[in-house]
2 protein chains.
Amino acid sequence: MKRRNTATKEAVLSVLHSSGKAMSQGAIEKKIGVDINRATIYRVLNRYCEDGVLHRIVADNGKQYFALCVRCDENDKPQNHFHFRCSTCETIECLPIPVNFSLPQNYKLETVNCVLTGTCKDCV
Amino acid sequence: MKRRNTATKEAVLSVLHSSGKAMSQGAIEKKIGVDINRATIYRVLNRYCEDGVLHRIVADNGKQYFALCVRCDENDKPQNHFHFRCSTCETIECLPIPVNFSLPQNYKLETVNCVLTGTCKDCV
DNA sequence: TAATTATTGCGATTATGTTGCAATAGTACA
DNA sequence: TGTACTATTGCAACATAATCGCAATAATTA
């Protein structure tokens, strides 16, 4: 399944890049300017996650958010940091705080999803 | 809004107590034996959360799970521990691992929602 | 026992996210 | 440049989780 370059995909990445935060499909659709189908945006986002370009956060409101994969640290997996959801401005940002824990014996880890919710510095 | 004791509420608590894990509305409905309306179960669960009897975890599948509030430590708030979702047996359990972090200045914390996903010790 | 009102069941609704299918449009190659 | 291949898109339908309004029921108190 070779990827193709399309205006839609560029636009989605561009919106995420300029926001600097994690965004939901809905937020992306509002900011993107051009009219792009909901299902298409989801498919683009899912493909980017598969390719390691984005990571997915599921917030405590049950919604998926997507953010550019920027590693806190070369050795960390990109998702292993805390996320902060501001319930006032409804944004999610990646915090530069690594998630530390050690699982009990015989547990196998696949994904880490840590979301702190509250009010961000801009909304206090 | 004074609470009343009903068979439904007792049944929900009892199921959660005997399972020892966090459960979704659907899982509770299956286990509960008697026929209770979906909306009712949700309302019972939400009320218990308000009253501090249960805590709510939103897993990375976007679903809500509910668990009895048992403190890891008297000084910790009950929700500040990691949760583990086994994607094989589809259960969520509270891990005795506290979540540690320090927020940047001017952030106000309301809730903590940390879910690790993978395979639990019983499914490896 | 009667009055008050919390709780419940039912149906409808909202919202998020996915999928099937046909149409469109990148990409590679002659 | 033109053509074939197939990734991508739009649309509609679908699936599921969760909530809400309203009328009926039932727990509590006096």
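The values are calculated or read from the model by the stated rules, or taken from the named source; none is laboratory data. It should be emphasised that the depicted structure is a prediction, and the values quoted were computed from it without experimental measurement. For neighbour counting, all protein chains shown are included, and Cβ atoms are generated from backbone atoms with ideal geometry for every residue, glycine included. Areas reflect the complete protein model, heavy atoms only, side chains present, ligands, DNA and RNA absent. Shrake-Rupley method; radii C 1.70, N 1.55, O 1.52, S 1.80 Å.
What list of whole percents do you get for P(r) of region B:1-40, with Cα-Cα distances grouped in 10 Å bins up to the one holding the largest distance?
Over region B:1-40, the share of Cα pairs per 10 Å bin runs 28, 56, 16 percent.
Go through A:K9/A:K31; B:K21/B:K63; A:K108/B:K9 and tell me which ones have a Cα-Cα distance over 25 Å in this structure.
A:K108/B:K9
Summarise the long-distance tail of P(r) for region B:1-100 by giving the % of C-alpha pairs beyond 18 Å.
I get 46 percent for the Cα pairs in region B:1-100 exceeding 18 Å.
As a test question: what accessible area, to the nearest 10 Å², does A:R3 have when a 1.4 Å probe is rolled over all protein chains in place?
A:R3 exposes around 90 Å² with every protein chain in place.
Using a probe radius of 1.4 Å on protein heavy atoms only, what is the accessible area buried between chains B and A, both sides summed, to the nearest 100 Å²?
Counting both chains, the buried surface is close to 2600 Å².
Around A:S24, which amide H atoms from residues at least 5 apart in sequence, or from another chain, sit under 5 Å from its own amide H, with H modelled in the peptide plane?
Hits under the 5 Å cutoff: A:F66.
Quick one: with label points 7 Å out along Cα→Cβ, list the inter-copy distances for A:P98 in nm, shortest first?
Its label point is 2.1 nm from the equivalent points in the other copies.
Divide by every residue of chain B the summed helix terms, -39500 (n - 2.57) for each DSSP H run of at least 4, and state the resulting mean residue ellipticity at 222 nm, rounded to the nearest 500 deg cm²/dmol.
-8000 deg cm²/dmol
Provide the solvent-accessible area of B:D60, counting protein heavy atoms only and rolling a 1.4 Å probe, rounded to the nearest 10 Å².
Roughly 40 Å² of B:D60 is accessible to a 1.4 Å probe.
Accessible area per residue for the protein assembly as shown in Å², computed with a 1.4 Å probe and the full protein assembly in place, what is it?
That works out to 57 Å² for each residue.
With all protein chains present, calculate the accessible area of A:K63 using a 1.4 Å probe and round the result to the nearest 10 Å².
The value for A:K63 is about 100 Å².
Work from the charge dipole of chain B (Cβ charges, +1 for Lys and Arg, -1 for Asp and Glu, about the Cα centre) and give the residue of B:G20, B:T6, B:G33 farthest towards its positive end.
Positive-most Cα among the choices belongs to B:T6.
Pairs of alpha-carbon atoms within less than 8 angstrom and 6+ residues apart define the contacts here; what relative contact order does chain B have, in percent?
Across chain B, relative contact order equals 22 percent.
Shape call for the protein assembly as shown from the C-alpha gyration tensor, a ≥ b ≥ c root eigenvalues: rounded (a/c under 1.5), prolate (a/b greater than b/c) or oblate?
Note, shape of the protein assembly as shown comes out prolate.
Which percent, nearest 5, of DSSP beta bridges in chain A are antiparallel?
That works out to approximately 75 percent antiparallel.
Would you mind counting up the charge near B:Y42? Only other residues with Cβ under 14 Å from its Cβ, with Lys and Arg at +1 and Asp and Glu at -1.
+4
Probe radius 1.4 Å, ligands and nucleic acids ignored: give me the carbon and sulfur share of the accessible area of the protein assembly as shown as a rounded percent.
That share works out to 47 percent.
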